[in-house]
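These notes concern the structure reproduced below.
The values are calculated or read from the model by the stated rules, or taken from the named source; none is laboratory data. The structure presented is a predicted model; accordingly, all values stated were derived computationally and were not measured. Every residue, glycine among them, receives a Cβ derived from its backbone with ideal geometry; neighbour counts consider all protein chains shown.
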Amino acid sequence: MTVPASLPASGIALYSLPIAIVVAAVLDRTVAEPPVAVHPIALLGRVIEPIDDQYQSSFSVGILAAIVLPIGFATVFVATTAVVGAVSPVAAPIVVGVLLFSLFSHRMLIDTAAEVVGLIDDDLDAARVELRALAGRDAETLSAGELRSAAIESAAENLADGLVAPLGAFAVVGFLVQWYAVGAVDAVGSIGTGPIAIGVLPLSAGIAAAAWVKAVNTLDSMLGYPEKRVGTASARLDDVVMWFPARIAAAFISLAVPSPDPLLAGRRWANRPPSPNSGWPMATIAAALHVKLEKPGAYVLNDLGQLPTHDEADRGVSLASRAGWLFIGACVLVTAIGTPSGAI
């Protein structure tokens, strides 16, 4: 499958996906998070808050929210990409990289987990307060070891829903659409629309998938509690959406060791947490560190181990960080190396 050599900007268009991922990764590493005032997830949260406040017992409103809000959120990202792509297909990967950056979070969550671990030995109360930015559990009675466990668990779980899910959706959907678009350009031989077809369309599809997944995650995190009927549909949808990302995150944790043993050992405990997905990355990292991870009254991962020490917790946070960067690198390589040949 080839693209006519005379296509304007065909090279940039074909490599629009890896360019966007690199831009997003650089921003994540250097900036960490967009300002709250313009952060799309914060803005989405403001839309969800009235639903949480006024309709907690309404199952039907929850179904409507689970359908409409992710689609609406994704539409905003697609519209932005389409406008930029129509004006300048060459600029589209940069703009989409900025948009993608706003949809995943790696450095900030890793830094927060590391900060919790660092505070535990010096100021247990401050560590308990800081943990709230990572985990929803009550930290008031947690011991130092349980706090370290919570920090490691959060780093592993956030790897799945904070990075692998949105970025993976962007890379996979965008790549599939690009293959289809390149084939269409080959068949039609349309020179003028080539860069848009093979560059902007995959970017639009990828960013739509990433935004939709992130909106589903956000709805679940805000509404998906047993006592809130309005969040039932969002929670079930999130369970389905996160099935692959959770297991892929576990695989990359094992790859970062590198050894298949943590993934194989962690499978024994992956189903202990009530979530059908979050146990996979958490159990895998417990196996990789040879420690026990425990949420009191809920689950224990790796009964034969002990709660993590300071050094083990540091290693756990570093392992989650390394796994995340390996996944980012894999997405760049797959979208770049897997690009149809003959583009330039």
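Go through segment 231-274 and give me each residue that's buried (at least 19 other Cβ atoms within 10 Å of the Cβ), hydroxyl-bearing (S, T, Y) and closer than 26 Å to L219 by Cβ.
S234
Having 3 or more residues that are farther than 14 Å from L159 by Cα and either under 23 Å from the mean Cα position of the chain (by Cα) or in contact (Cβ under 8 Å) with a residue 60 or more places away in the chain (or both) is the bar; report the helices (runs of 4 or more DSSP H) wholly within segment 240-344 that clear it.
Output list reads 261-266, 279-289, 310-337.
Taking the condition modelled with pLDDT of 95 or more and under 17 Å from I21 (Cβ atoms), does A209 pass?
yes
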